[in-house]
Amino acid sequence: MLCVLAVAVTFAGLGFGLLLIPGTLLAVRRLANRTRRLAGEWCGVDIAVPYLPQPAADGEDPGFWLRFGRLLTDQATWRDLLWMTVDSSVGWVLTLVPAALVLWGLFGIAMPAVWSPIVHAGGNNWYAMIEVTSALTAWLCVPLGAAFVALGLWSGPHLLRPYGRFARSMLAPTRRAELALRVQHLTESRSDVVDTGAAQVRQIERDLHDGAQARLVAMGMTLDAAERVLDDNPAAARALLVEARDASARALAELRNLVRGIHPPVLADRGLADAVRALALDSPMKTHLVADLPGRPQAPVESAAYFAVSELLANVVKHAQAAEVWIDMRYERGLLRIDVTDDGQGGADASAGSGLRGIERRLGAFDGILALSSPPGGPTVVTMELPCELSSPKTSSS
């Protein structure tokens, strides 16, 4: 990559070199992104993607030169080039040392078989601090070689994390990039919240129009009819009044269900743990709940967590073919963490329209995240984390 970039810069004055630079920088980005991914998988060091969003006007292509200009003015581009230069000359040592130790150790273990041809050919007859001049000294190299192999195998995992931290020092977002990414995330999550809120309002309007409102209108017509026949036919009026009373009871039940769907009273009165416990009791599956919450989150966070769990349980009932569900809620290091595990068939996919994307958007409004593990055959584990502060102490478990 360094050689290609050097050639592109060298011939930039001739024109075609200038055209090579954007493609080379994008290739460097792909290489850096691969390192970021592997640093998380192999080194246990998460590195966020730092690049500023590309400009776009009303969804149109901003053009080659505008994209090129944004690429050159993005500070992350130059940090990528710095990382590539340093990594190619220094960083690889951290990963080659364990391999070199293992190979050097294997050479020592093989010394009894190879020392004689090497020495008689005039080669170096030293292995570390042992001068190999006979079969006895060659065999002394075997335990030393085994020690080198053991040291290499031991140091490999221990050097991966320092390498991950070394990569993060240059590949992680700068303060400016973090702010820009934060603004982009907040803009997207705000748009999702507005769209979701508008959809919920329309759903409430439909439920009121088709449900309670229609029953109330019918009840008013029934009362009018009862009033007209009250003097002439008291028995018919009494029957109409009974019908109106039943209609009012059904309308009240629908209104209660609607209110419960907007904000369940048990959630407002008893808190998240008891509200989820009520969901577990209503679930057709055997549901185990463990909740350790030393307080209550803010009402919006509490509501988002409740409806996320409710949606997950509904998904399990409809798709998972599970017999049991385990819900674990706890608060640690400023995060409300909820794990929902089922023993179903697995294979859940957040991009397959199973409702998980909606939960992600709901949690994203509060900087929350959702992680899914659902191999074919199960089990499925959904982990949700919401940053929040807790208020009054409350701990419960069941």
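The numbers here are math on the coordinates, done by the rules we state, and not lab data. These numbers were taken from a predicted model, which means no experiment stands behind them. Every residue, glycine among them, receives a Cβ derived from its backbone with ideal geometry; neighbour counts consider all protein chains shown.
DSSP loop trypsin sites (Lys or Arg not before Pro) in the stretch 249-347 with at most 13 other Cβ atoms within 10 Å of their Cβ, which ones?
Working: sites: ARG250, ARG256, ARG260, ARG270, ARG277, LYS286, LYS318, ARG330, ARG333, ARG337; in loops: ARG333.
Here the trypsin sites (Lys or Arg not before Pro) that fit, given the DSSP loop and packing criteria, are ARG333.
How much length is gained if the chain between ALA278 and ARG70 is pulled fully straight, taking 0.36 nm per residue apart and subtracting their Cα-Cα distance, in nm to one decimal?
Gain in length upon complete extension: 69.6 nm.
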Kirkwood Rh, Cα Rg: Rg to Rh for the stretch 65-165? 1.31
Dipole of the stretch 234-354 (Lys/Arg Cβ +1, Asp/Glu Cβ -1, origin at the Cα centre): which of TYR331, ALA350, GLY295 lies farthest to the positive side? GLY295
Which order results if SER88, SER303, SER155 are arranged by neighbouring Cβ count within 10 Å, fewest first? SER88, SER155, SER303
Put in order of increasing Cβ neighbours within 10 Å, starting from the fewest, PHE68, PHE148 give PHE68, PHE148
